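Shown next, in structure tokens, is the structure this report addresses.
Bear in mind that the values in this text are calculations on the coordinates, not laboratory data. Just so it is clear, the structure is predicted and the values come from calculations on it, not from any experiment. Neighbour counts are summed over all protein chains in view; Cβ atoms, including those assigned to glycine, are modelled from backbone coordinates with ideal geometry.
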Amino acid sequence: MKRAFVTGAGGQDGYYLTRLLLERGYVVIGCGRPQSLTGERGDELRERGVELVEVDLLDRESTRRTIEEIAPDEIYNLAGHSFVPASWEDPAAAIRITSWPVINLLEAVRGAGRPIRFYQSSTSEIFGLTPTSPQDEETAVAPANPYAAAKVFAHQIVSLYREHYGIFAASGILYNHESERRPAQFVTRKITRAACRIKAGLDHELVLGDLDVMRDWGFAGDYVDAMWRMLDVDTPQDFVIGTGIPHTVGDLCRIAFDALGLDFTAYVKVDTLFKRPGQPTRLLANPERAARVLGWRAQVPFTELIQSMVLADWNDVTKSNPA
């Protein structure tokens, strides 16, 4: 049985990835921030068969010792800073949390004395200010915020270790991927949850900064399948992972409110004070390499994804606020 170590196991992607790996017969060991692995979320992982370990990924010796002890065949690094606006509040923390674990894990792989395949979660934010659209693996990086700058470093260090040391290391340049497990501060959940609260009479409006921002949104469960496929090929390389289909924040609002029989224009207000700095406006994937080499394409359509998130939020809102 293959052994996989998943960092960030308590997050959205960690949930779907650990589930996929267990279904494929892996022994799965995970770690994450203490707050993400306590209570129901940690219990859920343990009940599904994930072994949880404590490790300080910011400490090289702690990371090395953990990798030596659990002896994984594959490492999936999902750890790091994940909320772009917060990176402006403490850029140094965003850089430290995002880049140090990558170096420490790669050093642990390099010194393991046995082959370990390494996956790094990169992001479309590395292309933030590029005038090129859609973007592929050859598009020049142009970060627009501290989070993206930190991710550029992590992305490039993976490439350097792959080329210089011959490590099997691959980065997935993931475009926005969502699910009902997306934290509430992200715009997708902010919109779907607000629509449900308005429908239930708990709120009266939703204020957003810009309805014209375009993103390439897909389902997180599809994207973790791409992660696994990247480590299942003969030659390591980086892949852009997205749907290749653009949608605006306005589109998202329309679908979410339509699912509840509401006209979003009556409830959604725009205030530029809510517009975040360093906001890329046209991030769109060209996932042809993933289709050609990995046989991967996104499966869940955007409308179905948003409707499923609305349903989950509606169930949560009505359960928490019974009539």
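Of note:
- C-alpha long axis of helix 220-230 to longest principal axis of the chain, angle in °: 20 degrees
- Residues in the range 35-78 that a label on Lys2 would reach, taking backbone N under 14 Å of a point 7 Å out along Cα→Cβ: 72-77
- Label-point separation, Arg65 to Ala92 (7 Å along Cα→Cβ), nm: 2.7 nm
- Once you reduce the range 152-188 and the range 17-76 to the center of their Cα atoms, the two points are 18 Å from each other.
- Between 0 and 90°, nearest 10: helix 146-165 axis offset from the chain longest Cα axis: 30 degrees
- Size of electric dipole in the chain: Cβ of Lys, Arg +1 and of Asp, Glu -1, about Cα centre, debye, nearest 20: 100 debye
- Segment Ala184-Glu54, length gained on full extension (0.36 nm per residue, minus Cα span): 44.2 nm
- When the Cα positions of His155, Ile241, Ile198 are compared along the charge dipole of the range 155-247, Ile198 comes out farthest toward the positive end, with charges on each C-beta of Lys, Arg, Asp and Glu.
- Each Lys and Arg adds +1 at its Cβ and each Asp and Glu adds -1 at its Cβ; summed about the Cα centre, the range 182-323 shows a dipole of about 260 debye.
- Per-residue [θ]222 nm for the chain (sum of -39500 (n - 2.57) over DSSP H runs n ≥ 4, rounded to 500): -13000 deg cm²/dmol
- Cα-only radius of gyration and Dmax that characterise the chain, units Å: 19.6, 62
- Protection proxy ranking, peptides 187-198, 258-269, 160-171, average beta carbon neighbours within 10 Å, highest first: 187-198, 160-171, 258-269
- Sorted largest first, the principal axis extents computed over the alpha-carbon atoms of the range 104-243 equal 60, 31, 25 Å.
- Cβ-based charge dipole, the range 1-148, positive-most Cα from Ala140, Gly39, Thr18: Thr18
- Sorted into 5 angstrom bins from 0, the C-alpha pair distances of the range 1-115 split as 2, 12, 22, 23, 20, 13, 6, 2, 0 percent.
- Among 47-60, 122-135, the order from most to least packed when residues are scored by Cβ within 10 Å on average: 122-135, 47-60
- Relative packing of 247-256, 310-319, which averages over residues the other C-beta atoms within 10 Å, highest first: 247-256, 310-319
- Estimated FRET transfer efficiency (Arg297, Ala200; beta-carbon r; R0 25 Å; 0.05): 0.10
- Charge dipole (Cα centre; +1 on Lys/Arg Cβ, -1 on Asp/Glu Cβ; no other charges) of the range 36-193 amounts to roughly 200 debye.
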